[in-house]
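What follows is calculated from the coordinates using simple rules that are stated; it is not laboratory data. The model shown is predicted, which means the values in this text are computed figures rather than measured ones.
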Amino acid sequence: MTPDVSLRLFAQLMWKAVAVSAPLLLTVLIVGLVVSIFQVVTQIQEMSLTFIPKLLASVAVLVLAGPWMLGQLVAYSSALIRAIPRLV
């Protein structure tokens, strides 16, 4: 395996990781921003107020996008395993 092939596989892996984690990270970011704005407006500084909405949003995203995320990871893994004879 040449260094070029290794770098290409690593780049594909990183892009796949970004694509799979994006829905969860963006949802938690947006929920955190909304809760922070709510805390600034109402001057409520309760730590559980930031944690619980993020937790609920992340569970909802995992329930809704989880099958797609798993499908992406399984497809990448199986393609990589099938490519092993060509790469060696």
Original post:
Can you give the angle from 0 to 90° between the axis of helix 3-42 and the longest principal axis of the chain, with both taken from C-alpha atoms, to the nearest 10?
Top reply: 10
Subject >> Matching label, semi-axes √(5λ) of the Cα gyration tensor in Å computed from the structure shown, candidates (i) 39, 14, 7; (ii) 18, 15, 12; (iii) 36, 15, 7 >> reply: (i)
Original post:
Short version: ³J(HN,Hα) in whole Hz for each residue of region 67-77, in order, from phi by Karplus 6.51 cos²θ - 1.76 cosθ + 1.60 (θ = phi - 60°), x for Gly and Pro, what are they?
Top reply: x, 5, 4, 5, x, 5, 5, 5, 5, 5, 5
